[in-house]
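The values are calculated or read from the model by the stated rules, or taken from the named source; none is laboratory data. Given the structure is predicted, the values throughout are model-derived calculations rather than measurements. Quick reminder, even Gly has a Cβ in these numbers, built from the backbone with ideal geometry, and neighbours come from all protein chains shown.
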Amino acid sequence: MAYIRELGKDRWRAQVERAGVRRSAVRETRRAAEDWAAREEAALLDAKRGVYPANTLTQPPVQPPAVAASFVAGMYFRLRIQAATGSRLL
């Protein structure tokens, strides 16, 4: 069950309790608090049923190809400079 309450002018606290587990968060808008509560409640129910997200801590997140490519290009450039000058760049 999710409870939403106001904490002042621009702050809302969302509290979720499912299967004996409580979670809470503070958001700037009521809508954001309701969205967080719905997602968190679904995650708690999935955990109770044994359904877990595809990416866990044992699997590193996949980098977008552009980030990986720019990293490789940067390393290649550094190696070329090192070979040409004979100095070591960090």
Of the residues in region 1-36, those that are of a type in the set (D, E, K, R) and within 30 Å of Gly50 (Cβ to Cβ) number 8
Kindly state which strands (runs of 3 or more DSSP E) lie completely within the chain and contain at least 2 residues that are modelled with pLDDT of 85 or more, surrounded by 11 or more Cβ atoms within 10 Å (Cβ to Cβ) and within 18 Å of the chain's Cα centre (by Cα).
-> 21-27
Under 8 Å by Cβ, and 6 or more places apart or on different chains, what pairs join a residue from region 29-53 that is β-branched (Val, Ile, Thr) with one that is part of a loop (DSSP other than H, G, I, E, B)?
-> Thr29/Asp10
Does region 14-33 hold any residues that are closer than 23 Å to Asp46 by Cα and among the acidic types (Asp, Glu), and which are they?
-> Glu17
